[in-house]
1. So, for the chain, what is the accessible surface per residue at a probe of 1.4 Å, expressed in square angstrom?
2. Between Asn199 and Glu104, what is the label-point separation in nm under the 7 Å Cα-to-beta-carbon projection?
3. Report the label-to-label distance for Thr149 and Ser28 in nanometres (one decimal), using points 7 Å from each Cα along the Cα→Cβ vector.
4. So how do Tyr154, Tyr160, Tyr211 rank on accessible area, 1.4 Å probe, biggest first, that is with the largest at the start?
5. Output wanted: per-residue J couplings in Hz (rounded whole) for the stretch 26-42, from phi through Karplus 6.51 cos²θ - 1.76 cosθ + 1.60, θ = phi - 60°, x for Gly and Pro.
6. How large, in percent, is the carbon and sulfur part of the accessible surface of the chain at a probe radius of 1.4 Å?
7. Cross-link candidates for Lys94: which lysines have Cα within less than 19 Å, leaving aside residues fewer than 8 places away along the same chain?
8. Rank Arg159, Arg37, Arg78 by mean-square fluctuation in a GNM of the chain with C-alpha springs under 10 angstrom and give only the top-ranked residue.
Amino acid sequence: MNDSHQVESYANANFDSAHSLIIKQFQSRLPLNFSPRSVLDLGCGPGDMSSRLLPFFPKANFTYLDGSKLMLKFCQKRLFALIGEKRNNKIIFKNELVQEFVPESSFELVFSNSLLHRIHNPFEFWSAIQRSIDDDSFIFVCDLLRPNTLTELYHLVDRYAKDEPEVLKTDFLNSLLAAFRFEEVSDMIATIRLSHKLNLEIISDRHWICYTKPK
């Protein structure tokens, strides 16, 4: 997403209901007393979800990655407004495509929201996750569910984007069309041989999550 009007509309949109739900689901799946030293926010976008994630781990080093320079700029502005530019731990912003991201070392937490459906080849997304973890890393991924019918599709757009600007309605509709069905995500996880590591669940009429199974 690099069109300035589209990015600005997305950055100023109110995602409080959906993002609050996702963060609650994330928080409830975390291991007891989990305190990662390194966090990767893969596909951070304009930073609304990032700003919700950051306060959970005040001592962690964060890496925010997005392929859109404009999105990353909004994210940086939002986070610095939240915490200020001075912070003891590192906050790194990387303008890179997920397909090209090769981390210098693994992260203890890898978080991603609503990125998978934007990647042309979904296995490039999962490969980036695999490059970013080790055996003890915690993974949390959330994305949209593709509706089964056009009737369902238009119902979701009307229910959740009825009063949004036209550019956001169109983006939501296209995102739902590009999203994967639950069975397709399950097949991907099996193909990359992470079924033993990840739980996969539907959490709403338009979202699924997968996360590291408790040990």
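The values are calculated or read from the model by the stated rules, or taken from the named source; none is laboratory data. Everything numeric here is computed off the predicted structure, so don't read it as measured data. Cβ atoms come from the backbone with ideal geometry, glycine included; neighbour counts cover every protein chain shown. Heavy atoms of the whole protein, side chains included, go into the accessibility calculation; ligands, DNA and RNA do not. Shrake-Rupley method; radii C 1.70, N 1.55, O 1.52, S 1.80 Å.
1. Using a 1.4 Å probe on heavy atoms only, each residue of the chain averages 53 Å².
2. 3.5 nm
3. 2.9 nm
4. Values: Tyr154 130, Tyr160 75, Tyr211 15 Å².
Most to least solvent-accessible, the answer reads Tyr154, Tyr160, Tyr211.
5. Whole-Hz 3J(HN,Hα) from phi for the stretch 26-42: 4, 4, 6, 9, 5, x, 4, 6, 6, 9, x, 8, 9, 10, 10, 9, 8.
6. Working: 5530 of 11370 Å².
Carbon plus sulfur share of accessible area: 49 percent.
7. Lys69, Lys73, Lys77, Lys86
8. Result: Arg159 has the largest fluctuation of those listed.
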